[in-house]
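Chemist: Next up is a structure, given as structure tokens.
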Amino acid sequence: MLPRLLPTEKSDPELVPFRPGLWFGFFNAMAWQIGIGTPMVLFCEELGASAFQVGLAYSFVFLLTPIQILATTLLPRFGYKKVMLGGWASRSVFLVVPMWLAVVAPRWGVQSWMAPALVGSVFWFCFFRTIGAASIMPWLYAILPPKARGRYFGSDQFLSGVAGVGTLMLCATLFAQLPIYTALLIQYGLALTGSGLSFMALRRLPDAPNPEPIGLGKLWRDTPRHMFKRSDFRRFLWLAVGYAVFTTPIPPFLAYFLKVGPHLSAGQIMGFEVLRYSGVIVAAALIRRRIDARGARPFFLVSMLLYLAVGLAWSSYILGWWEVLGGIYVAYFVLGLAAACWTIANLKYLAQVVDEKERTVMVSVYGAVTACLGGLSPILWGLVLKSEDPVTGAAAIDMRVFLGFFALLMVAVAVLSSLLARLPEEEEDAPASLAIGHAILRPFRAATYLVGLLSLDPPPKGGDGMEPDRPGR
């Protein structure tokens, strides 16, 4: 089936040389869905990790975005391909640690050092992933024909979506049918295999000439100006930060809560994740063709309405007002819809509030600020959510604080809705949405991909700035 979805000499000869990039997206989804997704959260809980440790592990991918900016300085010296391959090969090594833990934990029993070891492996996985991620978007932009980029990213999104849903369904099945450590061992073996195959696919992609040196000095000087100078960009940036702070903690702590609270099985929780991802795919399919005609603002408000429903649903569940398992599936699906609505509207509106001459810098600043500040949120919430079972002493979650989290979420949604409704928007001749590949299908991490646009345009000759030498390139 999959070969039919890939370009051929007959269906799309222009994209045939870039088929390995599509295979990369497919196999890479197998790695990240497990290595930094819900299976990782469930593994942390199984090893006795606290809510703080879970929040910390989940946040690494966000907090390391400044490293991604610094890593762009490697591109002029080593080139796109070497930086990407180096990062991806190095990160794969740290998938071996969870595999080893899955082998020794049932034999030795859970030890106090095991959860920190898993969290540490996630840090280094994310660290080297971040270095490689500094290369992938500018590399693709450098080698893809401009007219073929839309078709390439469309195919990439679809194949990544297929692999993502397939991986989640397989994980759910493994958790349901096998002892948990056996299931985790197979899953991390699958992640390591996917990481290896994605590396091999990258090796087959054509390289591009090394970019010109990137001056980061202007980025550091201009970042405070873009963050605090009165403008439509500043206004939207801080609204997006507010959104990130209140929504980033939802996925990891929901999975953790369902495991330590009502003690649902790992297989059931992975089934909920399939519904969340399905909601993202459905929203992407329904909205992307409509947003150009209707603008971003209505979909921001739809997203807020859906998040309000999410807050109400989980608050009432925590209070014990309902316990229907089917309701959890619906709540997860709505969460996926809400996240995708925001991400697609975000990419549309952000293109309108950046200055064309400083587009690359402003978009990178936006991605770094929202990702970092949003990534701090799970860590801080983890500190106040962590608790212990009064009987067994096992790690637990403070239900009153978790209820307070959703109460604050609903208040934040109400405030954000009133502010988003007043955003100015161009109704005619609005710029096209930003294209950042498969980020739409990873809405809770979309901001980290915006940082990858930093090195798309070289600095003007004779200076250390970062403005493109050809506007609209």
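Chemist: Among the residues of region 339-391, how many are among the small types (Gly, Ala, Ser) and either over 23 Å from Lys229 (Cα atoms) or surrounded by fewer than 24 Cβ atoms within 10 Å (Cβ to Cβ) (or both)?
Modeler: Total meeting the criteria: 9.
Chemist: Here's something else I'd like to know. Can you name the condition, by its number, that Val93 falls short on among (1) exposed (fewer than 15 other Cβ atoms within 10 Å of the Cβ); (2) of a type in the set (A, V, I, L, M, F, W, C); (3) more than 22 Å from Ile136 (Cβ to Cβ)?
Modeler: (3)
Chemist: Another question, then. Taking the condition of being closer than 16 Å to Gly55 by Cα and assigned to a helix (DSSP H, G or I), how many residues in region 368-398 meet it?
Modeler: 15
Chemist: May I pose another question? Given region 254-345, what helices (runs of 4 or more DSSP H) lie entirely inside it while holding 2 or more residues that are under 18 Å from Ala412 (Cα atoms)?
Modeler: It comes to 297-318.
Chemist: Out of the residues in region 11-30 that are closer than 12 Å to Thr167 by Cα and in contact with a Phe, Trp or Tyr (Cβ under 9 Å, 6 or more places away or on another chain), which is surrounded by the most Cβ atoms within 10 Å (Cβ to Cβ)?
Modeler: Among residues in region 11-30 that are closer than 12 Å to Thr167 by Cα and in contact with a Phe, Trp or Tyr (Cβ under 9 Å, 6 or more places away or on another chain), the one surrounded by the most Cβ atoms within 10 Å (Cβ to Cβ) is Asn28.
Chemist: Identify, please: which residue in region 370-404 is farther than 17 Å from Pro252 by Cα and at pLDDT below 85 and is, among those, farthest from the chain's Cα centre (by Cα)?
Modeler: Per the criteria, the residue is Val391.
Chemist: Something else now. Given Ala283, Ala296, Ala266, Ala255, which one is over 20 Å from Tyr329 (Cα atoms), surrounded by 22 or more Cβ atoms within 10 Å (Cβ to Cβ) and not charged (D, E, K, R)?
Modeler: When all the criteria are applied, what remains is Ala296.
Chemist: Right, next: Any residue that is out of contact with any strand residue (DSSP E or B) (no Cβ under 6 Å at 6 or more places or on another chain) and either under 30 Å from Pro424 (Cα atoms) or basic (Lys, Arg) (or both) - is there at least one of those in region 378-397?
Modeler: yes
Chemist: Does region 51-60 hold any residues that are touching a strand residue (DSSP E or B) at 6+ places or on another chain (Cβ under 6 Å) and crowded, with 23+ Cβ neighbours inside 10 Å, and which are they?
Modeler: Across region 51-60, the qualifying residue is only Ala51.
Chemist: Checking the structure you have, find out if any residue of region 128-139 is surrounded by fewer than 20 Cβ atoms within 10 Å (Cβ to Cβ), assigned to a helix (DSSP H, G or I) and at negative phi.
Modeler: No, there is no match, as no residue in region 128-139 is surrounded by fewer than 20 Cβ atoms within 10 Å (Cβ to Cβ), assigned to a helix (DSSP H, G or I) and at negative phi.
Chemist: Determine which member of the set Phe127, Phe158, Phe123 is touching a helix residue (DSSP H, G or I) at 6+ places or on another chain (Cβ under 6 Å) and of a type in the set (Phe, Trp, Tyr).
Modeler: Phe123
Chemist: Quick one: which residue in Gly86, Gly21, Gly35 is in contact with a Gly (Cβ under 8 Å, 6 or more places away or on another chain), farther than 17 Å from Phe257 by Cβ and not hydrophobic (A, V, I, L, M, F, W, C)?
Modeler: Within the list Gly86, Gly21, Gly35, the selection yields Gly86.
Chemist: Name every residue in region 150-176 that is exposed (fewer than 15 other Cβ atoms within 10 Å of the Cβ) and either free of Cβ contacts under 8 Å to residues at least 60 places away in the same chain or within 19 Å of the chain's Cα centre (by Cα) (or both), in order of residue number.
Modeler: Gly154 - this is the single residue of region 150-176 that is exposed (fewer than 15 other Cβ atoms within 10 Å of the Cβ) and either free of Cβ contacts under 8 Å to residues at least 60 places away in the same chain or within 19 Å of the chain's Cα centre (by Cα) (or both).
Chemist: Is region 74-86 home to any residue that is within 27 Å of Leu385 (Cα to Cα), at pLDDT below 95 and either surrounded by fewer than 18 Cβ atoms within 10 Å (Cβ to Cβ) or among the acidic types (Asp, Glu) (or both)?
Modeler: no
Chemist: Next question. Are there any pairs, at least 6 apart or on different chains, whose C-beta atoms fall under 9 Å, with the first in region 193-211 and of a type in the set (S, T, N, Q) and the second part of a loop (DSSP other than H, G, I, E, B) and at pLDDT 95 or above, and if so, which?
Modeler: If the second residue must be part of a loop (DSSP other than H, G, I, E, B) and at pLDDT 95 or above, the pairs left are Ser195/Leu95.
Chemist: When you look at Phe246, is it among the hydrophobic types (A, V, I, L, M, F, W, C), closer than 30 Å to Ala57 by Cβ, buried (at least 19 other Cβ atoms within 10 Å of the Cβ) and in contact with a Phe, Trp or Tyr (Cβ under 6 Å, 6 or more places away or on another chain), yes or no?
Modeler: Criteria not met by Phe246.
Chemist: Follow-up question, since we're still on this one. Take the residues in region 43-71 that are among the aliphatic types (A, V, I, L, M) and under 18 Å from the mean Cα position of the chain (by Cα), then tell me which one is modelled with the lowest pLDDT.
Modeler: Among them, the one singled out is Ile69.
Chemist: Looking at (1) closer than 17 Å to Ile344 by Cβ; (2) at pLDDT 80 or above, find the lone condition where Val411 falls short.
Modeler: Here Val411 clears every test but (1).
Chemist: Could you go through region 289-303 and let me know if any residue there is hydrophobic (A, V, I, L, M, F, W, C) and more than 24 Å from the chain's Cα centre (by Cα).
Modeler: Yes, because at least one residue in region 289-303 is hydrophobic (A, V, I, L, M, F, W, C) and more than 24 Å from the chain's Cα centre (by Cα).
Chemist: Is there any pair with a first residue in region 6-34 that is over 20 Å from Met270 (Cβ atoms) and a second that is among the acidic types (Asp, Glu) and crowded, with 20+ Cβ neighbours inside 10 Å whose Cβ atoms are under 7 Å apart and which are 6 or more apart or on different chains, and what are they?
Modeler: Hits for this filter: Leu22/Asp156; Gly25/Asp156.
Chemist: Can I ask one more? Among the residues of region 208-227, count how many are exposed (fewer than 15 other Cβ atoms within 10 Å of the Cβ) and at pLDDT 85 or above.
Modeler: Residues that pass the stated criteria total 1.
Chemist: Then there is this: Give the residues of region 100-115 that are within 21 Å of Ala31 (Cα to Cα) and surrounded by fewer than 17 Cβ atoms within 10 Å (Cβ to Cβ), sorted by residue number.
Modeler: Scanning region 100-115 gives Trp100, Val103.
Chemist: Answer yes or no as to whether Ala371 is within 13 Å of Val241 (Cβ to Cβ) and small (Gly, Ala, Ser).
Modeler: Judged against the criteria, Ala371 is a match.
The values are calculated or read from the model by the stated rules, or taken from the named source; none is laboratory data. Every value quoted in this text rests on a predicted model; they were computed, and no experiment measured them. When we count neighbours, we look across all protein chains shown, and the Cβ atoms used for this are built from the backbone with ideal geometry, even at glycine.
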